[in-house]
Amino acid sequence: MDHSRVPVLEALRRFRRRGDVVYGPPGHKQGRGVDPRVLEVLGEDLFRADVLSLNGLDDRRKSQGVIAQAQELMADAVGAEHAFFSTCGSSLSVKTAMLAVAGPGEKLLVSRNAHKSVIAAVIVNGVEPVWVHPRWDPGRQLAHPPEADDVRRRLQAHPDAKGMLLITPTDWGSCADIRRVADTCHAYDVPLIVDEAWGAHLPFHPELPAWGMDAGADLVVTSVHKMGGAIERSSVFHLQGDRVSPEVLRQRQDLLDTTSPSSLVYATLDGWRRQMAEHGRDLLGTALRRAGRVREAVAALPGLRLLDDAVVREGLTAEIDPLKITVDVRELGVSGMQAAEWMRAEHHVDVGAADTCRISAVLTHADDDRTERVLCEALRALVDSAGGMEPPRPVALPEPGALELEQAMLPRDAFFGEAEHVPAEKAVGRVSAETISPYPPGVPAVAPGEVITREVVDYLCGGVAAGMLLPDAADGSLETFRVVADR
């Protein structure tokens, strides 16, 4: 296909050249009605590009097929049979993908290191989750994707499961052996969904970890805003084979997706695909060399411990994404949260994620010599200054298996059932009626229907005292927990 074409951007250019006068949404009328104080910050062109798909980019009959053409080009660029755009982010796309495979009351294997959006999908969709627990790395206090043998055991125990949802890469950059997991699922004739939110760049360079479509996955969801060049909320479904019906996927998407999609998201998805198809290998090659230099610089700094290929050699994960610069800072005597706040305050460097143990900085094709230098200088300064920081508040980090909680009720039943609040010390042994996700990365420590343990209470309460953010907890202070009412 001709990847110099950008159907959405071309349609937007035609719209502007025609000089159409619009008597429908959006109400700002291509920026004419926007407060000048807003335009001063955001710019008029942002609003000029905010155009409806129907009677804007295309006519009411979609006769030019603008979005369909852009999706066909995306599918061709990444080696998928079908691609569908979503302007609601992968948080909604993953719900759609799960519902396309398993309906209410049906079983679906799910990686327990899933993002909170996956837990939300289990609740909203009414799916019965069969948790596949990740590979726990006690030294690094890190969860890596589950292995094919873990998936096989769960499929043997639950032969009525409709499929599997695998999360890879993780927020910290470790990657599953997608090929082996896909082969395992296909041996049981069930599809593999891959939540590859952090992997939109993977198809475009051979030195990056395996891309889900190349590795045999049936349905892959990507968030192009994370590692690509599209704006926030840009998400794509990629589909191949016959285990997931394109028709069913489109219907499920129509059920959940917005009826007011953003032309801004469509346009940036289209433009990013062209950029990657034409220049992706060179751009990502430069980014990989840049990441190599940053990794060398970090490895030379005392007190910093990189997540590197050692974790692969130890058999804990299949691959790592070298563009994720994940650094354990505990040997400096500080927490990752302290390190992140110090780098922001002192060097205006905002890292991608931070937890009790580590920080993570993400490099993409957009980085340059200056951003490389700024990151390395900030990390050197952190090493030099850490000794003057206050000691971190102690957090009772869980032992292996401590986060593998008993599922006493279906998440949907626990979430929508009668609930009450109890003091933290009385939550042990009770069934959670809420999702509690340390953020970032947003992987729930407790999901609805799980039995709360002493280890989890100590971990979360200590984490809050040390600066952990829990945006979805009913009581962010964790003085109380929301639990299923005791009848």
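Structure values in brief
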quantity: Qualifying residues in the range 72-92 (those that are modelled with pLDDT under 95 and assigned to a helix (DSSP H, G or I)) - the one surrounded by the most Cβ atoms within 10 Å (Cβ to Cβ); calculated: Ser90
quantity: Search result, residues across the range 127-147 that are acidic (Asp, Glu), out of contact with any His (no Cβ under 7 Å at 6 or more places or on another chain) and assigned to a strand (DSSP E or B); calculated: Glu128
quantity: Sole exception among (1) modelled with pLDDT under 95; (2) within 23 Å of Val220 (Cβ to Cβ); (3) part of a helix (DSSP H, G or I) for Val8, by number; calculated: (1)
quantity: Residue ID - farthest from Ser262 (Cα to Cα), chosen from residues in the range 16-58 that are assigned to a helix (DSSP H, G or I) and of a type in the set (Asp, Glu); calculated: Glu40
quantity: Options Glu377, Glu390, Glu346; residue that is loosely packed, with under 14 Cβ neighbours inside 10 Å, in contact with a His (Cβ under 9 Å, 6 or more places away or on another chain) and not hydroxyl-bearing (Ser, Thr, Tyr); calculated: Glu377
quantity: The range 98-142, subset touching a strand residue (DSSP E or B) at 6+ places or on another chain (Cβ under 6 Å) and of a type in the set (Gly, Ala, Ser), residue surrounded by the most Cβ atoms within 10 Å (Cβ to Cβ); calculated: Ser111
quantity: Breaking point among (1) among the β-branched types (Val, Ile, Thr); (2) touching a strand residue (DSSP E or B) at 6+ places or on another chain (Cβ under 8 Å); (3) assigned to a loop (DSSP other than H, G, I, E, B), for Val311; calculated: (3)
quantity: Every pair of residues 6+ apart whose Cβ atoms lie under 8 Å, when the first sits in the range 199-218 and is at positive phi while the second is part of a helix (DSSP H, G or I) and among the small types (Gly, Ala, Ser); calculated: Gly216/Ala182
quantity: Filter pass, Gly303 being at pLDDT 95 or above and either assigned to a helix (DSSP H, G or I) or buried (at least 20 other Cβ atoms within 10 Å of the Cβ) (or both); calculated: no
quantity: Output for the range 410-432, where each listed residue is closer than 17 Å to Arg112 by Cα and either buried (at least 22 other Cβ atoms within 10 Å of the Cβ) or of a type in the set (Asp, Glu) (or both); calculated: Pro411, Ser432
quantity: Residue within the range 174-190 that is under 30 Å from Asp355 (Cβ atoms) and without any contact (Cβ under 8 Å) to a residue 12 or more places away in the chain present; calculated: no
quantity: Failed item in (1) buried (at least 20 other Cβ atoms within 10 Å of the Cβ); (2) modelled with pLDDT under 95, with Ile167 passing the rest; calculated: (2)
quantity: Residue list for the range 377-392, filter: out of contact with any Pro (no Cβ under 9 Å at 6 or more places or on another chain), assigned to a helix (DSSP H, G or I) and among the hydrophobic types (A, V, I, L, M, F, W, C); calculated: Ala378, Leu379, Ala381, Leu382, Ala386
quantity: Those residues of the range 21-70 which are among the polar types (S, T, N, Q) and out of contact with any strand residue (DSSP E or B) (no Cβ under 8 Å at 6 or more places or on another chain), in sequence order; calculated: Gln30, Ser53, Asn55, Ser63, Gln69
quantity: Criterion: more than 30 Å from Asn125 (Cβ to Cβ) and modelled with pLDDT of 95 or more - qualifying residue of Gln69, Gln64; calculated: Gln69
quantity: Conditions (1) under 23 Å from Arg393 (Cα atoms); (2) assigned to a helix (DSSP H, G or I); (3) in contact (Cβ under 8 Å) with a residue 12 or more places away in the chain: number failed by Ala345; calculated: (3)
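Okay, residues lined up against (1) of a type in the set (D, E, K, R); (2) within 20 Å of Ala200 (Cα to Cα); (3) without any contact (Cβ under 8 Å) to a residue 12 or more places away in the chain; (4) surrounded by fewer than 21 Cβ atoms within 10 Å (Cβ to Cβ):
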position: Val236; (1), (2), (3), (4): no, yes, no, no
position: Leu239; (1), (2), (3), (4): no, yes, no, no
position: Arg243; (1), (2), (3), (4): yes, no, no, yes
position: Gln253; (1), (2), (3), (4): no, yes, no, no
position: Asp257; (1), (2), (3), (4): yes, no, no, yes
position: Ala267; (1), (2), (3), (4): no, yes, no, no
position: Arg273; (1), (2), (3), (4): yes, yes, no, no
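For (1) part of a helix (DSSP H, G or I); (2) among the polar types (S, T, N, Q); (3) within 30 Å of Ala197 (Cα to Cα); (4) in the same structural domain as Ala143 (by TED's automatic domain parsing), each residue gets a yes or a no:
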{"position": "Leu375", "(1), (2), (3), (4)": "yes, no, yes, no"}
{"position": "Pro394", "(1), (2), (3), (4)": "no, no, no, no"}
{"position": "Glu404", "(1), (2), (3), (4)": "no, no, yes, no"}
{"position": "His421", "(1), (2), (3), (4)": "no, no, no, no"}
{"position": "Val428", "(1), (2), (3), (4)": "no, no, no, no"}
{"position": "Gly442", "(1), (2), (3), (4)": "no, no, yes, no"}
{"position": "Pro448", "(1), (2), (3), (4)": "no, no, yes, no"}
{"position": "Tyr459", "(1), (2), (3), (4)": "yes, no, yes, no"}
{"position": "Gly463", "(1), (2), (3), (4)": "yes, no, yes, no"}
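The values are calculated or read from the model by the stated rules, or taken from the named source; none is laboratory data. Not measured: the values here are computed from a predicted model. Virtual Cβ from ideal backbone geometry, glycine too; neighbours counted across all protein chains shown.
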